[in-house]
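Worksheet: the structure to be examined is printed underneath.
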Number of protein chains: 2
Amino acid sequence: MDNLLANLTISVNEKLYVKNPETSDLGKKIIENSIILIHEIGFEAFTFKKLGERIQSNESSIYRYFESKHKLLLYLSSWYWSWIQYKLVFETNNISNPLEKLSKAIIIVTEEIKEDVSIRHIDESILNKIIICEFTKTFLTKEVDEENKKGFFLVYKSIINRITLMIEDVNPNYKYAKTLASSIVEGSLHQHYLKEHFKTITNLSESNSISDFYIDLIKKTLL
Amino acid sequence: MDNLLANLTISVNEKLYVKNPETSDLGKKIIENSIILIHEIGFEAFTFKKLGERIQSNESSIYRYFESKHKLLLYLSSWYWSWIQYKLVFETNNISNPLEKLSKAIIIVTEEIKEDVSIRHIDESILNKIIICEFTKTFLTKEVDEENKKGFFLVYKSIINRITLMIEDVNPNYKYAKTLASSIVEGSLHQHYLKEHFKTITNLSESNSISDFYIDLIKKTLL
DNA sequence: CAAATATAATAGTATTACTATCAATTACAG
DNA sequence: CTGTAATTGATAGTAATACTATTATATTTG
């Protein structure tokens with residue numbers, strides 16, 4: 001399964017880049033190192049100039065791939081959610097029991113990514129950390145509606161819709177399947193953040209997992 | 001009760017301002033109009049220069065009250081959560097039934113603020129909208145830990161702790177009281193945002209309230 | 001090997017997020 | 001009601017950001 005994913009090229013909305021970074025060495029270097037640099041200094045302090053210095057390339061060359069750092073973050077997010085969606089589809093496909101299927105989906109969507117899975121230039125573990133800290137910022141902007149229309153959040157919404165269907169499969173009478181699904185996906189990012197920075201307002205820790213909380217929650221809510 | 005609140009001066013961590021905006025006309029104008037302007041153009045596009053133009057004052061004068069727009073947003077957030085905390089304490093104080101008490105708390109924390117409550121210079125309804133769009137950004141920064149130590153998020157955490165206690169009062173055996181409480185507070189902001197910008201991934205709407213979802217959730221989870 | 005394409009280097013612009021200085025106004029204290 | 005302090009306003013200046021444009025130099029490919 002991991003090998004399958006490693007060989008897969010994850011495709012991302014074309015409007016997010018000027019030139020597809022997957023088509024060149026420089027492009028891949030941009031992706032690889034932007035992930036590391038954003039993680040190191042945070043998205044606010046991250047600039048194309050700094051990235052250029054790190055990869056021994058020029059600011060202007062990076063602009064040939066991405067219009068802005070916001071688009072780059074949208075690209076990284078989109079890539080991340082596509083990757084999660086593949087995992088979600090492959091790993092739940094053969095599960096027939098609805099509750100078991102939903103539980104597996106919750107694990108995939110909420111668990112911390114600990115290992116760098118692949119041979120690829122993308123370190124999924126660091127990307128996961130970026131998503132926790134930065135993903136919310138991609139849509140909390142004045143341009144959301146516009147960018148939503150352009151399809152920049154399609155994969156993210158698609159994951160939530162898949163989970164919604166799984167919830168409905170467990171209990172077709174539950175009135176808030178969509179809200180529950182979107183709460184799990186966004187809420188788990190938030191709980192990961194609390195675990196790191198606001199330990200006093202979460203019960204979750206290394207030993208007490210986020211997936212357990214949500215699986216307990218859906219069992220009590222849906223059964 | 002509304003009158004009581006209207007006359008109350010809500011106090012905010014002193015480290016958040018250079019000069020207390022409550023002590024002068026200009027200060028109050030800054031608060032009043034920053035809320036309106038941030039709501040209009042979003043926090044990213046908001047600058048002290050633009051605010052100065054709007055209130056016919058000077059950029060440099062605004063810097064005498066707040067070090068940066070980030071501190072100003074922290075101030076507004078802190079003010080908002082203090083105000084919510086007052087409502088929470090006053091309105092749940094005399095309720096003895098634990099479930100009823102928790103339900104009331106959930107309504108206070110999750111409901112949309114529709115009316116501008118007071119005679120004050122602060123429009124709570126618009127402030128509520130800002131919190132929905134911008135509050136998360138106050139802590140998703142590289143400076144969180146530092147600012148958390150300085151107590152910038154104390155009121156927010158205090159609200160979550162109060163709700164945690166109420167949850168434990170309903171069911172002392174529930175293992176995730178803190179996580180549930182923090183999920184409700186942050187999650188409701190997120191659901192309000194979805195209602196506005198991503199309608200397809202929430203069941204909530206004008207007629208289907210966020211409070212109902214969470215009250216249903218806690219009943220199923222705790223009873 | 002020539003032409004096309006990709007990348008690098010440099011320069012330039014408007015805006016942001018401030019700091020510093022000094023002048024003008026207002027407040028308030030004796 | 002006047003002098004002093006405090007507040008506010010106006011102006012200027014700085015380093016950094018988020019780009020665009022232009023030209024030069026590599027590199028690829030047909």
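The values are calculated or read from the model by the stated rules, or taken from the named source; none is laboratory data. None of these values were measured; they are calculated from a predicted model. We place every Cβ from the backbone using ideal geometry, glycine too, and count neighbours over all the protein chains shown. Areas reflect the complete protein model, heavy atoms only, side chains present, ligands, DNA and RNA absent. Shrake-Rupley method; radii C 1.70, N 1.55, O 1.52, S 1.80 Å.
Quick look at the values:
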| read-out | value |
| --- | --- |
| From A:104, A:15, A:49, A:29, residue being part of a helix (DSSP H, G or I), open to solvent by 50 Å² or more (accessible area, probe 1.4 Å) and within 13 Å of DNA strand D (Cβ to nearest atom) | A:49 |
| Residue ID - nearest to the other protein chains (Cβ to nearest Cβ), chosen from residues in segment B:59-72 that are farther than 19 Å from residue B:41 by Cα and near DNA strand D (Cβ under 10 Å from one of its atoms) | B:63 |
| Residues of segment A:197-216 satisfying the condition of being in contact (Cβ under 8 Å) with a residue 12 or more places away in the chain and surrounded by fewer than 23 Cβ atoms within 10 Å (Cβ to Cβ) | A:204, A:209, A:211, A:215 |
| Filter result for residue A:75 (more than 9 Å from DNA strand D (Cβ to nearest atom), under 16 Å from residue A:124 (Cα atoms) and open to solvent by less than 10 Å² (accessible area, probe 1.4 Å)) | yes |
| Segment A:80-98, residues that are open to solvent by less than 50 Å² (accessible area, probe 1.4 Å) and assigned to a loop (DSSP other than H, G, I, E, B) | A:95 |
| One residue from B:129, B:137, B:114, B:178 being more than 9 Å from chain A (Cβ to nearest Cβ) and either part of a helix (DSSP H, G or I) or crowded, with 19+ Cβ neighbours inside 10 Å (or both) | B:129 |
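Each row is one residue, and each column tells you yes or no for (1) under 20 Å from residue A:183 (Cα atoms); (2) outside any helix (DSSP H, G or I); (3) more than 10 Å from chain A (Cβ to nearest Cβ).
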residue: B:146; (1), (2), (3): no, no, yes
residue: B:164; (1), (2), (3): yes, no, no
residue: B:169; (1), (2), (3): no, no, yes
residue: B:183; (1), (2), (3): yes, no, no
residue: B:186; (1), (2), (3): yes, no, no
residue: B:200; (1), (2), (3): yes, no, no
residue: B:203; (1), (2), (3): yes, yes, no
